[in-house]
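Notes to accompany the following structure.
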Amino acid sequence: MANEAKKERILVLNLGSTSSKIAVYDDTEEVFKETIRHSQEEMAQFNDILDQFSFRNEKVIAALENNGIGVDTLTAVCSRGGNIIACPHGAIGIDQEMIDYLTRPEDTAKHASLLGSMIAFDLHNKYGIPACIYDAIGTDEMQPIARVSGVPEIPRFTVGHTLNTRAMAIKCAEEILKKPFDECTFIVAHLGGGSSIRLYHNGVNIDCVNDDEGNFSPERGGGCSGKELIKLCFRSGLDEKTMMKKLHGAGGLKAHLGTTDAIEVEKRIEAGDKYAKVVYDGMAYRIAKDIGTLAVPVAGKVDRIILTGGIAYSKYLTDQIVEKVNWIAPVEMMPGEYEMEALAGGALRVLRGEEELQDFGKIKASAVDRIRICEGVEPKTVPASK
């Protein structure tokens, strides 16, 4: 009898603002999964995200120990990335250059997921465990025509939920359409604390609506009048970090209703709260409108619209969205997040030699070329801080 192939044991890290999601997989088999919740009191002791590193790292190591997972049994660690520079999809090795970039002082909107990359790199340095990120937040494959804005200093780019949207599109192609992913066209709306809507055409994410461009969400302000935003910035007297928080963390449902809990909002609506209803209905309206926008680049030839993310569990919200967009294409409900499975699967393909492990230095060096609108025309800015 031939020897069975060695199983790869992969640690997966997906750190958010108030939780640390960790899991271990033996190949594709889940060994354990845990979500460590962090209270407001715990988070209040830290001035910024980088100050949380030791605290989060200790929580991850303790969870491994409590579940009988020896660090020496791990063959790889894969993390959701932070606000990385515009990059291709897939796996990118974590090295010091990447960590330096993720922790750069000028990034005023650091994403908590960068802590996962820092923890992964720490494990790599201490134990020699291969470490990577997969389908990073900064994955950007936007076609040049979609990148043009009317302000040359602000080209459009893609940022957000590549990991879950791409995983759901691949899953839909394989399991529902029974077709290769690169032969399909999907509009995928990730609906969570933040949102992003992606257009995947022939395997490439050619356009999107980012969480600062269109619909608002439980904690994001979405798109608003540029003129009025400029006026607000100048008359408010608030600094850049505070204004960023107003749009990215304290906007949306939080700003209108004082909560990011969609279930609570629906209970208010049931109790007759008219303002809660118009705000929540407005969120559904804007999501549907943005889905419709992304049907235009492919002339309405869409195989499926996919609704995913935690808020996609809300029948109240999704019924309104489906009613407005199902004339474009059938809508597949794929609620929840499959990011942990996607991270583990990506790392496994690299370990098996099925995907290339990309080098961050080379990606960084070619970033300007990647977001260039036209050959020979330099972009006014590189969207590094996003």
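The values are calculated or read from the model by the stated rules, or taken from the named source; none is laboratory data. None of these values were measured; they are calculated from a predicted model. We place every Cβ from the backbone using ideal geometry, glycine too, and count neighbours over all the protein chains shown. Just so you know, the surface numbers come from the protein's heavy atoms only, side chains and all, with ligands and any DNA or RNA stripped out. Shrake-Rupley method; radii C 1.70, N 1.55, O 1.52, S 1.80 Å.
Observations
- Residues in the stretch 192-201 that are touching a Cys at 6+ places or on another chain (Cβ under 9 Å) and either over 17 Å from Val296 (Cβ atoms) or open to solvent by less than 10 Å² (accessible area, probe 1.4 Å) (or both): Ser196, Ile197, Arg198, Leu199, Tyr200.
- The criterion of being closer than 25 Å to Gly226 by Cβ, buried (at least 22 other Cβ atoms within 10 Å of the Cβ) and free of Cβ contacts under 8 Å to residues at least 60 places away in the same chain holds for Ile137.
- So Ala169, is it out of contact with any Asp or Glu (no Cβ under 6 Å at 6 or more places or on another chain) and buried (at least 24 other Cβ atoms within 10 Å of the Cβ): yes
- Residue among Ala347, Ala342, Ala312 that is of a type in the set (A, V, I, L, M), in a helix (DSSP H, G or I) and either within 30 Å of Gly282 (Cα to Cα) or open to solvent by 70 Å² or more (accessible area, probe 1.4 Å) (or both): Ala312
- Members of the stretch 265-291 found to be without any contact (Cβ under 8 Å) to a residue 40 or more places away in the chain, under 19 Å from Ser195 (Cα atoms) and of a type in the set (Asp, Glu), listed by number: Asp281
- Failed condition for Met98, given (1) closer than 30 Å to Thr75 by Cα; (2) out of contact with any Leu (no Cβ under 9 Å at 6 or more places or on another chain); (3) aliphatic (A, V, I, L, M); (4) open to solvent by 10 Å² or more (accessible area, probe 1.4 Å): (4)
- Screening Glu354 on (1) among the charged types (D, E, K, R); (2) more than 19 Å from Val148 (Cα to Cα); (3) part of a helix (DSSP H, G or I) shows it passes everything except condition (3).
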